[in-house]
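*Asks:* Quick one: this structure, given as C-alpha cells, is what I'll be asking you about.
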Amino acid sequence: KTTKDILLADVSDNAKNLAAELCCMHGDNNEVVTACERIFLAVKPNMLETVLSPLRPMLEKKKPLLISMAAGVEIRKIQQMAGTDLPIIRIMPNTPVAVGKFGRATLGEEANKTIYFQYVLLKRINF
C-alpha cells in the first residue's frame, strides 16, 4: 500500500490540502467508513460523538478498526458513541510529540512510507 491508499476527511480544507501534498485521496466521513478498514480519529474528545453518531449504521455494518487519539475517552465510551462493538486502539501522542520523540511500531514492507506519512500528518496538525 502507498499514500494513494489513504483517504483523508475533514470539515475544513486542511485535509484536502494535506491530501494533495501527500498524494492521498480526499473525501467525506461517509466515504472513509465505506472505503477504509482502519480509521484514524484525529479529533478532539468533545467532537467524537458529533463525528461518530451519523456514521453508526455504516460502522455497525463494516466494523472497521478505529484508532483514536482523543485524550481521556475510554474504549468503552468510543464504542457507545459508535453504537456498536468495534475494535479500537487508543494512542496518546501528546507528550511524545511535545518533546519531539516518537515511539511507534510499524509492520510490513511499507514501514518507511508509513512512518514518513505519520510524521508529516502529525506535523501538519501541529502535534
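The values are calculated or read from the model by the stated rules, or taken from the named source; none is laboratory data. Keep in mind that what you see is a predicted model, and the values were worked out from it rather than measured. As a convention, Cβ positions derive from the backbone with ideal geometry for all residues, glycine included, and neighbour counts pool all protein chains shown. These area figures cover heavy atoms from the full protein model, side chains too; ligands, DNA and RNA do not enter into them. Shrake-Rupley method; radii C 1.70, N 1.55, O 1.52, S 1.80 Å.
*Asks:* Would you point out the residue of the stretch 76-90, among those that are in contact with a strand residue (DSSP E or B) (Cβ under 9 Å, 6 or more places away or on another chain) and part of a loop (DSSP other than H, G, I, E, B), that is most open to solvent (accessible area, probe 1.4 Å)?
*Replies:* Among those that are in contact with a strand residue (DSSP E or B) (Cβ under 9 Å, 6 or more places away or on another chain) and part of a loop (DSSP other than H, G, I, E, B), it is P87.
*Asks:* Looking at the structure I just gave you, is V51 in contact (Cβ under 8 Å) with a residue 12 or more places away in the chain, among the aliphatic types (A, V, I, L, M) and touching a helix residue (DSSP H, G or I) at 6+ places or on another chain (Cβ under 6 Å)? Lay out the reasoning, then the answer.
*Replies:* On the way: in contact (Cβ under 8 Å) with a residue 12 or more places away in the chain: yes; among the aliphatic types (A, V, I, L, M): yes; touching a helix residue (DSSP H, G or I) at 6+ places or on another chain (Cβ under 6 Å): no.
No.
*Asks:* Yes or no: the stretch 93-106 includes at least one residue that is under 14 Å from the mean Cα position of the chain (by Cα), surrounded by 16 or more Cβ atoms within 10 Å (Cβ to Cβ) and modelled with pLDDT of 75 or more.
*Replies:* no
*Asks:* Name the residues in the stretch 12-58 that are assigned to a loop (DSSP other than H, G, I, E, B), open to solvent by 50 Å² or more (accessible area, probe 1.4 Å) and among the small types (G, A, S), would you?
*Replies:* Start the filter on the stretch 12-58 by keeping residues that are assigned to a loop (DSSP other than H, G, I, E, B), which leaves 12-13, 23-24, 28, 36-37, 42-44.
This time we only want the ones that are open to solvent by 50 Å² or more (accessible area, probe 1.4 Å), so: 13, 23, 28, 37, 42, 44.
Scanning the stretch 12-58 gives a single hit, A42.
*Asks:* With the requirement that a residue be open to solvent by 20 Å² or more (accessible area, probe 1.4 Å) and within 17 Å of T50 (Cα to Cα), what does the stretch 60-75 give you?
*Replies:* Result: E60, I67, A71, G72, E74, I75.
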